[in-house]
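I have placed the structure first, in the form of structure tokens, so that the comments after it can refer back to it.
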Amino acid sequence: MTHKIINAISSRNVPCWGSRKKYIAVHYLGVAGQAHDLASDGCGAHFYIYWNGTIYQRCSLDAVPWAVGTAGYYTQKHPEARNSNTISIEMCCKCDGNAASAEDKRWYFTKETQEACAWLVAKLRHEQGIPSTNVLRHYDIVNKTCPAPYVHNNGYKTSWTWTTFKQRAEEYFSAEQKRELKPGMKVKLTQDIALRDSVSTKPQQAGYVKYTQLSASAKKKCRRLSGNKAKLKKGGVVEIKKAVTAWDGSIWVQIKSGWLPAVVKGKYRVKAVL
């Protein structure tokens, strides 16, 4: 399952720039309704998700909206997560009780909102290299009851618990990591991989691509090893031209500058760029 992100990016009301994008914080809007804008004082989030699962991106990921700070009122709980290194996602919510109080136990999310948020969290983790342990509730950063349904954790109506949300986000993450590798797909290397000139066969190992034979642009993505071997750097993005399964079950992909053993002994060395 994939979800569409509607581009609503604007620099208007963005108070600061230069996010280091190390954490992801999940919020609830705090009112029973739907919106996707920053307040005039810069408070808000990078993404907003409506009841039907529609995702709006309000800020570029380099923006630093005021989202997880203490505001001079709340107590800092997390030792490191701050506005300056956190991507924030607001989930639009509903309430059957007192919508003026975060302590009311009848706040809830729709299933569509939660599915879209879990998918978005997985996508951001893939793209930014953020571990699951760095996916937090606003409540985990400061002592604010946000997102209320995942702080009360009572599974009211269609709301999941925080544990269920994290599990669902992990399912999306794992599914994307193991997507079928095919021509035209762009992938990011999760480790350095030596460039080979062909696919290894049972009787013969593939040779190495020579660094000095690469184009100037290809060299920028590689390290030069002893013996003039070329090794693609971790984090580089390449486009697959062809994918084949070798004799030992490993999956090799052909890119513009050579071949890469992309999956070895079941371990993926690349991840899809969503």
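Throughout, read-outs are computed from the coordinates displayed, never taken from laboratory work. Bear in mind that the values here come from a model prediction, so they are computed numbers and not experimental data. Neighbour counts are summed over all protein chains in view; Cβ atoms, including those assigned to glycine, are modelled from backbone coordinates with ideal geometry.
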Legend entry - Flagged links, alpha-carbon separation over 28 Å, of 77/123; 77/105; 144/166; 166/231: 166/231
Inset, instruction - Could you work out how far helix 111-128 tilts from the main Cα principal axis of the chain, as a 0 to 90 degree angle to the nearest 10? - result: 40
Inset, instruction - Please determine, in degrees from 0 to 90 and to the nearest 10, the orientation of helix 162-177 with respect to the longest principal axis defined by the Cα atoms of the chain, where the helix direction is its Cα long axis. - result: 20
Legend entry - Of 261, 79, 149, the one that fluctuates the most in a GNM where the chain has Cα springs shorter than 10 Å: 79
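Nearest 0.05, what FRET efficiency do residue 62 and residue 202 give at R0 = 35 Å with Cβ-Cβ as r?
0.10
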Inset, instruction - Report, for the chain, the % of DSSP beta bridges that are antiparallel, rounded to 5. - result: 65
Inset, instruction - Could you tell me which label, among [x] 18.6, 57; [y] 22.0, 72; [z] 17.6, 50, carries the value of Rg and Dmax of the Cα atoms in Å calculated for this structure? - result: [y]
Inset, instruction - Taking the Cα centre of the chain as origin, work out the dipole magnitude from +1 charges on Lys and Arg Cβ and -1 charges on Asp and Glu Cβ, in debye rounded to 20. - result: 1660
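Quick check: convex hull of the Cα atoms in the stretch 186-272, volume per residue, rounded to a whole Å³?
Working: hull volume 7.6 nm³, N = 87.
It comes to 87 Å³ per residue, whole-number rounded.
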Inset, instruction - Just add up the charged neighbours of residue 69: K/R +1, D/E -1, any other residue whose Cβ is under 13 Å from the Cβ of residue 69. - result: +2
Inset, instruction - Would you mind telling me which residue in 81, 118, 175 has the biggest mean-square fluctuation in a Gaussian network model of the chain, where springs connect alpha carbons within a distance under 10 angstrom? - result: 175
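Pick out, in residue order, every one of the GluC sites (Glu not before Pro) in the stretch 158-232 that is DSSP loop and has at most 10 other C-beta atoms within 10 Å; say none if there are none. Spell out each step's value before the answer.
Working: sites: 170, 171, 176, 180; in loops: 180.
Qualifying residues, ordered by number: 180.
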